[in-house]
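Here the structure comes first, spelled out in C-alpha cells, and everything after it is commentary.
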Amino acid sequence: MLGLLRLLTNRQVMGDSTTTLAGALQLYDRWAEDPRVELVAEPRGAETLFRQAIAPFALQTATKAVADCYLIGFAEAAGAHVVTFDRGLAATARSRQVPVALLEPVEMRKRRGRPSE
C-alpha cells in the first residue's frame, strides 16, 4: 500500500497523472477490490531478503531504496511478481532476479506517440 501511494502521488513518476493522497487511496481501494488482486501478510524470510536487497545501499543515507528493497524482499520471499511504474524499483527487482513488469503511465505513452492499451 505504501509503495503504491508513494508512486501515485509522485510527480516525477506519474507526470500529469499524479494524484492527491485522497485520490490515491480511492485508486488503492478500487484496486484492492479487484478479484485478481490478493493482499497477503508478510511472508517468512522477508526481513532477511530485505536486508540482502538493501546491502548495496548500506553506506548511503536514507533513500527511497529502503521502501524499494522492502518491496523486493517481500516479493522475493512470497514468490511474487512486482508490477511498477518506477524504473529504479524495476532495476532493483531485476538485480535480485525478482520477476518484474515495468508499466508506463498513459501520459508517457501519449508523449511517445504510443496508443493506450
**OP:** Restrict the search to region 36-81; then list the GluC sites (Glu not before Pro) that DSSP places in a loop and that have at most 14 other Cβ atoms within 10 Å of their Cβ.
**Re:** Glu38
**OP:** State whether region 1-51 is rounded, prolate or oblate according to the following rule on the C-alpha gyration tensor (a ≥ b ≥ c being the square roots of its eigenvalues): a/c under 1.5 gives rounded; otherwise a/b larger than b/c gives prolate, and the remaining case gives oblate.
**Re:** oblate
**OP:** Pop a pseudo-label 7 angstrom from the Cα along the beta-carbon direction at both Arg11 and Glu42 and give the gap in nm to one decimal.
**Re:** 3.4 nm
Original post:
Can you give the net charge of the other residues whose Cβ lies under 12 Å from the Cβ of Val100, counting K and R as +1 and D and E as -1?
Top reply: 0
Original post:
Across the chain, where is the longest run that never hits trypsin sites (Lys or Arg not before Pro) in a DSSP loop with at most 12 other C-beta atoms within 10 Å?
Top reply: 45-111
Original post:
How high is the relative contact order of the chain, given as a whole-number percent (alpha carbon pairs under 8 Å, six or more residues apart)?
Top reply: 21 percent
Original post:
Pairing the Cα long axis of helix 21-33 with the longest principal axis of the chain, what angle in degrees results, from 0 to 90 and rounded to the nearest 10?
Top reply: 80 degrees
Original post:
How much length is gained if the chain between Leu103 and Gln26 is pulled fully straight, taking 0.36 nm per residue apart and subtracting their Cα-Cα distance, in nm to one decimal?
Top reply: 25.7 nm
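Taken together, the values in this text are just the output of simple stated rules run on the coordinates, not laboratory data. This structure is a prediction, so every number in the text was calculated from the model and none was measured. Quick reminder, even Gly has a Cβ in these numbers, built from the backbone with ideal geometry, and neighbours come from all protein chains shown.
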